[in-house]
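Novice: Encoded as structure tokens, here's the structure I'll be asking about.
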Amino acid sequence: MKTPMSHLRRPRVSSSYLLTLLAFIFSVALLYGEDLRFLFRQQTQHHSQPQPQLRSRLEKQEECDVFSGKWVRDESTRPIYEEWECPYIQPQLTCQEHGRPERLYQSWRWQPHACSLPRFNATFMLEKLRGKRMLFVGDSLNRGQYVSLVCLLHRLIPKHAKSMETFGSLTIFRAQEYNATIEFYWAPFLLESNSDDAVIHRVTDRIVRKGSINKHGKHWEGADIIVFNTYLWWISGDTMKILHGSFDDKKKDIAELKSADAYRLAMKSLVKWVENNMDPKKTRVFFTSMSPTHSRSIEWGGDPEGNCYNQTTPIEDPNYWGEGSRKSVMKVIGEVFSKSKVPITFLNITQLSEYRKDAHTSIYKKQWNPLTPEQIANPVSYADCTHWCLPGLQDTWNELLYAKLFYP
């Protein structure tokens, strides 16, 4: 007797047909499996990679030399902060407070030739610094860059949640809500010297102790980000006195080296310390190149008797290079750092700063000693053409540091 559904029975499939079908599927998989996987990868990459236009911009950014460019006037975005807003600027750098009559030096923005610098984002940087220790090590120029960075960041932190304290050679800015510190350590030669007192260091007969970087280096251990600098103190003359032994020795063994050779000695010590103490997987190391001076205006076609005093605009000659910036020292840095087993990012601020004869503190700063009538009559005689007003040029140094730190 047929059931109502008997007409829907499925036909039987022979075992030989099934074996043939399976063999065909297997052969197709062997022949085209790699192509199918390739197509799948292409689909995945299409969704995970930047769009072509964005990717091309990113590639261009990676290829761009951010240190090659020009200064453009930009009063809409400059200065990034006001002098009076930042209580951490030393009186040696507060040019407006000390009577500078114009503010043009604050209105220049660095524009790389082939790209644009990422906009400095203080919120983003503070988040990236959460739980970290960032340290600047070097001389007063590095301290200026340190203070500039604090000024760029501190406005986002409530007054009760931030502080700055100095303990001998070490100054610490604390961002308590971020469990972060930004610090500066005074070591103008990086090695131990007779100029290591952070306050009293105006020594005419400067002596550096060979192989002594650990004297200071023990205070740098544990930093997540370190920014080093040292240059100006090495070039007070053509030679440098190097101590073999200890400063405590009654009879001191002192030799004189050419400044470039002494500087090489210090750079080798720095690289060795970095290799022994910094983990490239967890830390970043930077070195800021020489900061130029503008002590002879004849170098840029100005008054033979002048300097940076009364200069209000940058130098426009793209090939300008002052006599105070020794290319032999730049060569030493390149040769020594290229052999480092731990990457050291070079912040090449020299050329872009060479153009800024207008950005120095000049006479508009705290004078530690009373001026003589002769000095008052001739401001050029006491103008500081080494240090920089804040806000100003050193904010750009930190924009470049920001770019290299977060967009390496």
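Quick note: the coordinates plus some simple rules give every number you see, no bench work behind them. Quantities reported herein were computed from a predicted structural model and do not represent experimental measurements. Please note: Cβ atoms are built from the backbone with ideal geometry, for glycine as well, and neighbour counts cover all protein chains shown.
Novice: Find how many whole Å separate the alpha carbon centroid of region 327-392 from the alpha carbon centroid of region 101-153.
Specialist: For region 101-153 versus region 327-392, the Cα centre distance is 16 Å.
Novice: Might you report the magnitude of the Cβ-based charge dipole of region 195-354 about its Cα centre, with Lys and Arg at +1 and Asp and Glu at -1, to the nearest 20 debye?
Specialist: 940
Novice: Let me ask another. Which of the pairs 327/365; 128/327; 282/339 have their Cα atoms more than 25 Å apart in this structure?
Specialist: 327/365; 128/327
Novice: Set the Förster radius R0 to 30 Å, insert the Cβ-Cβ distance between residue 128 and residue 77 as r into 1/(1 + (r/R0)^6), and round the FRET efficiency to 0.05.
Specialist: The value I calculate is 0.85.
Novice: Under a point spin-label approximation (7 Å from Cα along Cα-to-Cβ), what is the residue 313-residue 338 distance to one decimal in nm?
Specialist: Inter-label distance under the simple model: 3.9 nm.
Novice: Once a ≥ b ≥ c are taken as the square roots of the eigenvalues of the Cα gyration tensor of region 82-142, is the result rounded (a/c under 1.5), prolate (a/b larger than b/c) or oblate (a/b not larger than b/c)?
Specialist: Because a/c hits 1.5 or more and a/b fails to exceed b/c, region 82-142 counts as oblate.
Novice: Rounded, prolate or oblate: which fits region 226-299 when a ≥ b ≥ c are the square roots of the eigenvalues of the alpha-carbon gyration tensor, with rounded for a/c under 1.5 and prolate only if a/b beats b/c?
Specialist: oblate
Novice: In terms of modelled amide H atoms, which long-range or inter-chain residues lie less than 5 Å from the amide H of residue 132?
Specialist: Under 5 Å from the amide H of residue 132 lie the amide H atoms of 181, each far enough along the sequence or on another chain.
Novice: Using Cα pairs closer than 8 Å and at least 6 residues apart in sequence, work out the relative contact order for region 261-325, in percent.
Specialist: Once divided by the residue count of region 261-325, the mean separation gives 26 percent.
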